[in-house]
Each structure stands twice: as C-alpha cells, then as structure tokens.
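S.K.: The structure that follows is given in the form of structure tokens.
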Amino acid sequence: MRSFDDAALTEVGADFSPGAVNERAGRALVIGCGALAREILAVLRSAGLDKVDLRCLPAKLHNAPQQIPDAARRAIEAARADGYERISLAYADCGTGGLLDRLCEELDVVRMSGPHCYAFYDGQSAFAARADAEIGAFYLTDFLARQFDAVVWRGLGLDRFPDLLEDYFGHYDRVVYLAQTDDPALDSAAQEAAARLGLAYERRFTGYGELTGFLVNVSQERGA
Amino acid sequence: MTEGDDIDLRALDDEELVQQMFDDLYDGLKPEIEEGVEILLERGWAPYDVLTKALVAGMRIVGDDFRDGILFVPEVLQAAKAMKAGMGILKPLLADTGAPKVGKMVIGTVKGDIHDIGKNLVAMMMEGAGFEVVDLGINTEADEYIKALQDEEADILGMSALLTTTMPYMKIVIDTLAERGLRDDYIVLVGGAPLNEEFGKAVGADAYCRDAAVAVETAKELITRKHNQRAAS
Ligand code: B12
C-alpha cells in the first residue's frame, strides 16, 4: 500500500511516475487532478492496468479553474520532454468553460468527459437526471471528505470569517457524500462536515464510476 | 489587527478619510465603513458622492485585485458586506436627493445554478452606479426573467452562471425572448467565471462582462447607445 500525503495532493500535486527514462518505454501517462490521485491508483491496481503512470496537479486548482489549462499544458509538455508519448488528462471540464477542451485538441490528448468529478463518479446521466431534485446539494467525495478542512473550510476562508457561512451555503439544504469506498471513517468525516455546514447529510455509494472505464481506455489506446 | 482600528476617522480631512475608507473596505471593516459614511454625510457630502467616490471607487480596487489574483473570494465577500452596510445608510437618502437614475436591470442566476456571489456583486455595483436593480435570486427560469422584465419595464437583463452545465440555459432564455418578439426590447448582459466573449456572442447576448466594473461600464454604454438610437428613429 502506498502512503498518501493528502495535504501535498491539495497544495503541490504529486508524481507517481517512475524516475528512470528506460522504465517509461511503452507506458501511458495520466495527468490528473490531485483530488483523484488515490482513486486513480486504486483503479489502476485493481484493474491490473500496470502500464499506466500518474502525475497529479494540485487539487487546490479546483478553486481557481482559470489556472488549470496552463498548469495542464506545462505538465503535458514536461511529460513529452520526459519521453511519454501517450498522455491523457484525468480532468473533467472543472469550470474551465471549454478551455481545457481546446487545450486537449491543440495538444492532441483526451480528457475525461463531463463537467466535473461529481458527475463522473455518479455517472453523467444519473447525475444530470438528479440535478433538479438535488439543486440544494453540496457534494463531497472521498477526497473532499478527507480534505474538507483544507479545500472547503479554509479554501473558502471560513476559518477566518465564520460569518460567511450563510453567504456561501444559505441556499443549500444537504450534503451528499458520493462515496468511492466503504470506509466508516470517511463516512463520519463527511457527516461531521455536513454538521459544520449546518446541512442535512446523505451518503450515496458510487464506487469509481466512469473513472474505471476511462483508465481502461487510456491503457488500451495505442498512441496516435 | 489592522492599522484602521486605532485611527480616529473624524480627525482626517475628506481626502484622507476617503483613502482610509478604501483601506477599510479592502479589509472588510463594516463598522468603520458605516462610520466613514456617516462622517461624510455630516460634512455635507451628497449621498450620491459618498456612494460613488468612497464606496464604489473603493470596491473597484477590490474587484481589480480579485481579478489579478491578489484577493480571494472570502476577502471580496467581506468587502462587499462592508460596502452593503454603507449603502444601507445611503439608499433611503439617495431617492430624496435627486441621484441620477440610469436605467433598470433585472438580474438572476440561471436555472439549475445556485452560485450567487458574483451575481450579488454585480447587482450591488450596478446599484452603486445608479441603476435600479431587481434581483430574482438563484435558479431562475426563462419565464420568471421575462415576466420580471415586462412587469418592471426594465432596460437590461443580466444572467449569471458558474457551472458548465447551466451556461447553456442562457441561450434558452434569449431564444425565448426572440420567439416572443421581445429580444430587441432589452439589453442582455451575461457573466460568470466559466463564460467568455465567444460564448456571449454564441448565445446571442449583447455583451459578456468579465467583472462587475466592466458590467457597469458596458451597461452605461449600451443604454446611452440605445437612447441615441431611439432619439434618431
Ligand atoms: C464560491 C464557490 C462555491 C460556493 C458558492 C456560494 C454561493 N453562494 O454562490 C459553494 C462552496 C457553495 C459552491 C458550491 C458548488 N460548486 Co462552486 N465554486 C465556487 C468558486 C470557488 C468561486 C465562485 C465565486 O463565487 N467567485 C467570486 C465571484 C465574485 O466571481 P464570479 O462568480 O466569477 O463573478 C464575477 C464575474 O464572473 C462577473 N459576473 C458574474 N455573474 C455575472 C452576471 C452578469 C449579468 C454580469 C454582467 C457579470 C457577472 O462579475 C462578478 C463580479 O466581478 C468557483 C471557482 C471559481 N474560482 O470560479 C467554484 C465552481 C464554480 N463551483 C463548482 C462546483 C462543481 C460546485 C458544486 C457542484 C460543488 C459541490 N461540491 O457540490 C456546488 C454546486 C452545487 C449545486 N447544487 O449547484 C465548479 C464548477 C465546475 C463546472 N464544470 O461547472 C467550480 C468552477 C469549482 C471547480 N473547479 O470545481 N461553489
């Protein structure tokens, strides 16, 4: 089992690819959001996709999506310089308003489909179908349950300005924890997060959703 | 602790006080802003001048630094709250003191979306610039927008969206306006972080606005153009 530094995944990202050039031959690289690192590695391991490497960008970019395309471009260019020929992005649109798609087209890489990770965990059509009913839902994932304090609470400045809670979450009625794994510790962390936000709590098990199919494709595709 | 805590606002001359209010707004210091507004009014400033020269001008600095990545959402929200408190004092006075009425805007976040921080900021800055603003809140349907535009005899429709999944709804609203033969009656402005100029054009808006300051400039310009066209025809 690898050990994870969740704080590093949020702040600086992480490189899980082998260091030596000769070990990269014939391997594919996924460049993903730090919020997906643990999950991507879990899927690669359980599906036996042992020819795929992973590098992650800091998950905190989530709150500043206009920075994602440039960060992804630098990572793709660095990976090409490092000898990777097959590169994919484990990012959804993530609020870049199509800019990530444009980058993918320009640099000839693919990204995960859909607007954000909540939708691809839940399944695009299931998520869309629930949109009306869950208009007041704030979603957590395993990563966000772990990093709630850093990404959500401190990320939104609620540690410094607790009086902003109403401004942020006044229109919300519940937290829906989209669970990738069955982990009682995460379940209670998510529940605690909901309590801090003053919202009702619901847990929905999604597993890895469309992440698995995406990674299987990545491992199978032969370079262009 | 910021410096502002120790400063006796009354000891400052007008220019210094306004500078200090810029700093206090930047730091989101609501009581200091309220006090500054009161002092300027006591000194005989017109409410409209307090609004534009102290509050709106100060909030522009906040907006610019947010755009440039120097300030973040919580700081902007704190500043907006301080400004709102100041505006609360001025609002009842503005109506009585002949402040200019530039036009009327109906604004709301589109259906399916409940992000409203940016929309609220735009509404506040438009008010600060002399527009009357009817805020429909969040999760707004095409019919609600159109009914409000007609009932309020508004000049401008403003739509906000922060989600890739809800941006396309703007086109539905604009198309519905067109179907009903109403499109040319209103100026349509759109905004929200994931949008861009190209998207604004594609959905048929009159303009995409990057931030609240641009929204105010654009609204003023398009209103003037519209009045001139009306006068000419
Ligand atoms: C704050 C925030 C929230 C707050 C919202 C609080 C509130 N009351 O609005 C909270 C934490 C509650 C939240 C929730 C969610 N959010 Co959110 N959120 C943000 C964040 C970090 C900042 C948005 C913001 O308020 N900016 C500050 C304001 C001042 O800027 P602005 O909105 O851009 O507005 C300015 C301009 O755009 C313009 N403007 C805006 N509107 C208008 C309108 C007109 C007419 C004009 C002229 C101009 C204009 O002027 C404004 C002022 O200068 C963004 C990321 C980002 N940096 O954009 C994500 C983001 C928008 N959220 C996102 C997501 C996914 C969600 C959630 C689904 C997450 C979840 N875990 O459940 C939920 C929504 C659930 C639901 N039921 O809808 C994604 C969207 C991804 C996508 N593909 O669309 C983003 C991009 C983050 C990300 N990368 O994942 N969010």
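Here is a yes/no grid of residues against (1) surrounded by 14 or more Cβ atoms within 10 Å (Cβ to Cβ); (2) farther than 23 Å from A:THR96 by Cα:
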site: A:TYR121; (1), (2): yes, no
site: A:ALA137; (1), (2): yes, no
site: A:ALA145; (1), (2): yes, yes
site: A:ASP173; (1), (2): no, yes
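S.K.: Which one is nearest to the other protein chains (Cβ to nearest Cβ), of the residues in the range B:130-155 that are in a helix (DSSP H, G or I) and among the hydrophobic types (A, V, I, L, M, F, W, C)?
M.R.: Among those residues, the one meeting the criterion is B:ALA142.
S.K.: Check B:ALA85, B:ALA95, B:ALA99 and return the single one that is more than 13 Å from the ligand (Cβ to nearest atom), assigned to a loop (DSSP other than H, G, I, E, B), away from chain A (no Cβ under 12 Å) and surrounded by fewer than 19 Cβ atoms within 10 Å (Cβ to Cβ).
M.R.: Residue meeting the stated conditions: B:ALA99.
S.K.: Checking A:TYR121 against (1) hydroxyl-bearing (Ser, Thr, Tyr); (2) within 13 Å of chain B (Cβ to nearest Cβ); (3) more than 10 Å from the ligand (Cβ to nearest atom); (4) within 20 Å of A:ALA37 (Cα to Cα), which single condition isn't satisfied?
M.R.: Of everything listed in (1) hydroxyl-bearing (Ser, Thr, Tyr); (2) within 13 Å of chain B (Cβ to nearest Cβ); (3) more than 10 Å from the ligand (Cβ to nearest atom); (4) within 20 Å of A:ALA37 (Cα to Cα), A:TYR121 misses just condition (2).
S.K.: Another one. Could you list, ordered by first residue, the pairs with Cβ atoms under 9 Å in which the first is in the range B:162-179 and assigned to a helix (DSSP H, G or I) and the second is near the ligand (Cβ under 8 Å from one of its atoms) and basic (Lys, Arg), at least 6 apart or interchain?
M.R.: none
S.K.: Of (1) assigned to a helix (DSSP H, G or I); (2) more than 14 Å from every other protein chain (Cβ to nearest Cβ); (3) within 10 Å of the ligand (Cβ to nearest atom), B:GLY158 satisfies all except one. Which?
M.R.: For B:GLY158, the exception is condition (1).
S.K.: Cβ-Cβ distance below 6 Å, separation of 6 or more or different chains: which pairs start in the range A:155-176 with a residue that is not assigned by TED's automatic domain parsing to the domain that holds A:LYS60 and acidic (Asp, Glu) and end on one that is near the ligand (Cβ under 9 Å from one of its atoms) and not in a helix (DSSP H, G or I)?
M.R.: A:ASP173/A:GLY136
S.K.: Continuing with this model, one more query. Just one of (1) under 23 Å from B:THR97 (Cα atoms); (2) surrounded by 15 or more Cβ atoms within 10 Å (Cβ to Cβ) trips up B:GLY44, so point out which.
M.R.: Evaluating B:GLY44 over (1) under 23 Å from B:THR97 (Cα atoms); (2) surrounded by 15 or more Cβ atoms within 10 Å (Cβ to Cβ) leaves (2) as the failure.
S.K.: Looking only at the range A:19-73, which residues are in a helix (DSSP H, G or I) and among the charged types (D, E, K, R)?
M.R.: Across the range A:19-73, the qualifying residues are A:GLU23, A:ARG38, A:GLU39, A:ARG45, A:LYS60, A:ASP70, A:ARG73.
S.K.: Step by step: first the residues of the range B:102-119, then only those that are of a type in the set (D, E, K, R) and assigned to a loop (DSSP other than H, G, I, E, B), then the one that is nearest to the other protein chains (Cβ to nearest Cβ). Which residue is that?
M.R.: Step one: list which residues in the range B:102-119 are of a type in the set (D, E, K, R), which gives B:104, B:111, B:113, B:116, B:119.
Adding the requirement that they be assigned to a loop (DSSP other than H, G, I, E, B) leaves B:111, B:113, B:116.
On the way: B:LYS111: 9, B:ASP113: 9, B:ASP116: 7 Å.
Per the stated criteria, the residue is B:ASP116.
S.K.: Checking the structure you have, find out if any residue of the range A:174-186 is at pLDDT 95 or above and within 21 Å of A:ASP159 (Cα to Cα).
M.R.: Checking the range A:174-186: at least one residue is at pLDDT 95 or above and within 21 Å of A:ASP159 (Cα to Cα).
S.K.: Could you grab me the full set of residues in the range B:183-204 that are more than 7 Å from the ligand (Cβ to nearest atom), more than 14 Å from chain A (Cβ to nearest Cβ) and closer than 23 Å to B:THR109 by Cβ?
M.R.: B:ARG183, B:ASP185, B:TYR186, B:ILE187, B:VAL188, B:GLY204
S.K.: Kindly indicate whether A:ASP182 is more than 10 Å from chain B (Cβ to nearest Cβ) and more than 10 Å from the ligand (Cβ to nearest atom).
M.R.: On the way: more than 10 Å from chain B (Cβ to nearest Cβ): yes; more than 10 Å from the ligand (Cβ to nearest atom): yes.
Answer is yes for this residue.
S.K.: Of the residues that sit in the range A:83-118 and are within 15 Å of the ligand (Cβ to nearest atom) and acidic (Asp, Glu), which one is surrounded by the fewest Cβ atoms within 10 Å (Cβ to Cβ)?
M.R.: Out of the qualifying residues, it is A:ASP101.
S.K.: In the range B:161-182, how many residues are near the ligand (Cβ under 10 Å from one of its atoms) and either more than 22 Å from the chain's Cα centre (by Cα) or within 11 Å of another protein chain (Cβ to nearest Cβ) (or both)?
M.R.: So the count comes out to 7.
S.K.: What number of residues within the range A:48-95 are polar (S, T, N, Q) and at pLDDT 95 or above?
M.R.: Matching residues across the range A:48-95 total 1.
S.K.: Consider B:LEU149 carefully, then state whether it is touching a residue at least 24 places away in the same chain (Cβ under 8 Å), surrounded by fewer than 16 Cβ atoms within 10 Å (Cβ to Cβ) and over 27 Å from A:GLY95 (Cα atoms).
M.R.: no
S.K.: Give the residue that is farthest from the ligand (Cβ to nearest atom), with candidates limited to residues of the range B:205-223 that are β-branched (Val, Ile, Thr) and more than 10 Å from the chain's Cα centre (by Cα).
M.R.: Here the residue is B:ILE223.
S.K.: May I ask you to list pairs of residues, at least six apart or on different chains, whose Cβ atoms are under 8 Å apart, with the first in the range A:108-122 being more than 20 Å from A:ASN63 (Cα to Cα) and the second being small (Gly, Ala, Ser)?
M.R.: These pairs meet every condition: A:ASP108/A:ALA224; A:VAL109/A:SER88; A:VAL110/A:SER88; A:ASP122/A:GLY209.
S.K.: Please specify each residue of the range A:64-82 satisfying the condition of being more than 14 Å from chain B (Cβ to nearest Cβ) and either among the β-branched types (Val, Ile, Thr) or away from the ligand (no atom under 14 Å from the Cβ) (or both).
M.R.: Kept after step one, since they are more than 14 Å from chain B (Cβ to nearest Cβ), are these residues of the range A:64-82: A:72-82.
Scanning the range A:64-82 gives A:ARG73, A:ARG74, A:ALA75, A:ILE76, A:GLU77, A:ALA78, A:ALA79, A:ARG80, A:ALA81, A:ASP82.
The values are calculated or read from the model by the stated rules, or taken from the named source; none is laboratory data. These numbers were taken from a predicted model, which means no experiment stands behind them. All Cβ positions, even for glycine, are placed from backbone atoms using ideal geometry, and neighbour counts span all protein chains on display.
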